[in-house]
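Undergrad: Here you go, one structure.
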Amino acid sequence: MTEDTTGRWRGWRAATEKALYGPQGFYRRPEGPAGHFRTSVHASAMFAGAVARLLCRVDEALDEPAALDFVDLAAGRGELTAGVLAALPAGVAARVRAYAVEIADRPEGLDPRVEWLAEPPKGITGLLFANEWLDNVPVEVAEVDSGGVPRLVLVREDGTERLGEPLSGAEAAWLARWWPQAPEEGLRAEIGLPRDTAWASAVAGVDRGLAVAVDYAHTRDTRPPFGTLTGFREGRETAPVPDGSCDITAHVALDACAQAGATAATTAGTLPGVRLLTQRAALRALGVTGARPPLTLASTDPTGYVRALAGAGEAAELTATGGLGDFGWLVQSVGIPDPLDEP
């Protein structure tokens, strides 16, 4: 007999953890994330090419070590890892140790050079890249009650909500520091403390190199008043119902994660360089501009013109205002100069 948990009230963090990562969780499904939503990785091979160029810059900053690590955190089905390996120059690829970190089983047909792990490795020398990972680290949700007090939001498996106890302790302190709210009934926030902890742990695994988190994001001055918790199923946004049938996600307070990562690196004895920028700015620094090819190419090399035009369209999608280009990049260098700095 299976236990009926549909009527159980719990915080959004526990409910999301079970719905996404439990035995029957959304992220254990065979179709993987690409079956439900489109990320930069799936939009164009140009994204993997840009990450490969970033890895080459990290390699140069590290003086070309004998073993260069590339860690793809929340790897999906390994699409980015395989794409980066394919885009690297042969001399760099020969020294790369590639790790795909994901809770799902290793997909069939993945490049045998990729080591499949459930947890990130330690002692990384190279690039740790987390594309759309932090938004799926489960968090609690708070809502202001009629008396102006922020309370924990409880949820059942069918998505029904009610208010629980007032926030207290570390969660209340996080809200006051990173997402202060007016005493207005109905205002909501996602408590990003578990994401800060997760990012600090990931950065602590980098001995020398670069850690990058790419995600839907907001900062203290741009927090949405009613939060961002939502769901995705088969390419469409839907209500966040924690029954395993859909993705459950919320935008990331990347400024809070940046502070936590910087603190972790400083504690470990390194001087971190941390900054936030848009995907548009980061990809342009890596040569993805979206510029259209000159019309003269159409007459001299029609096939090349069509190919360049298609590439420009893909680059435009990756850098689009109001779309993927607005993603936040949290870039944290550990023991090396920032490879995205303009020369």
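Undergrad: Any idea how far apart Arg162 and Arg28 come out in nm if each label point goes 7 Å out from Cα toward Cβ?
TA: 2.9 nm
Undergrad: While we're here: Provide the solvent-accessible area of Lys18, counting protein heavy atoms only and rolling a 1.4 Å probe, rounded to the nearest 10 Å².
TA: Lys18 exposes around 100 Å² with every protein chain in place.
Undergrad: Counting only other residues whose beta carbon sits under 12 Å from that of Glu171, what net charge do I get with K and R as +1, D and E as -1? Write out the running numbers ahead of the final one.
TA: Working: positive: Arg13, Arg151, Arg177; negative: Glu140, Glu165, Glu190, Asp196.
That works out to -1.
Undergrad: Using the alpha-carbon centroid of each, what span in Å lies between the stretch 56-86 and the stretch 121-147?
TA: 21 Å
Undergrad: For the stretch 7-32 and the stretch 186-237, what is the separation of their C-alpha centers, rounded to whole Å?
TA: About 18 Å separates the Cα centre of the stretch 7-32 from the one of the stretch 186-237.
Undergrad: Shape verdict for the stretch 93-141, please, from the Cα gyration tensor: rounded (a/c under 1.5), prolate (a/b greater than b/c) or oblate.
TA: oblate
Undergrad: Kindly report the accessible area of the stretch 157-218 per residue (heavy atoms of protein chains, probe 1.4 Å, no ligands, DNA or RNA), in Å².
TA: Working: 2590 Å² over 62 residues.
The answer is 42 Å² per residue.
Undergrad: What list of ³J(HN,Hα) values in whole Hz, one per residue of the stretch 151-165 in order, does the Karplus curve 6.51 cos²θ - 1.76 cosθ + 1.60 (θ = phi - 60°) give from phi, with Gly and Pro shown as x?
TA: Ordered by residue, 3J(HN,Hα) equals 10, 5, 8, 9, 9, 9, 4, 8, x, 5, 10, 8, 8, x, 6 Hz.
Undergrad: Karplus couplings for the stretch 232-241 from phi (6.51 cos²θ - 1.76 cosθ + 1.60, θ = phi - 60°), rounded to Hz, Gly and Pro as x?
TA: Each residue of the stretch 232-241 in turn: 9, 8, 6, x, 10, 6, 8, 5, x, 10 Hz.
Undergrad: Taking just the alpha-carbon atoms of the stretch 111-203, what radius of gyration and Dmax come out, in angstrom?
TA: 17.6, 58
Undergrad: On to the next question. Please list, ordered by chain and number, the residues whose modelled amide H lies under 5 Å from the amide H of Val206; skip anything fewer than 5 residues away on the same chain.
TA: Here the answer is Ile124, since their amide H atoms fall under 5 Å of that of Val206.
The values are calculated or read from the model by the stated rules, or taken from the named source; none is laboratory data. These figures come from a predicted structure and were not determined experimentally. Quick reminder, even Gly has a Cβ in these numbers, built from the backbone with ideal geometry, and neighbours come from all protein chains shown. Surface areas here come from the heavy atoms of the whole protein model, side chains and all, with no ligands, DNA or RNA. Shrake-Rupley method; radii C 1.70, N 1.55, O 1.52, S 1.80 Å.
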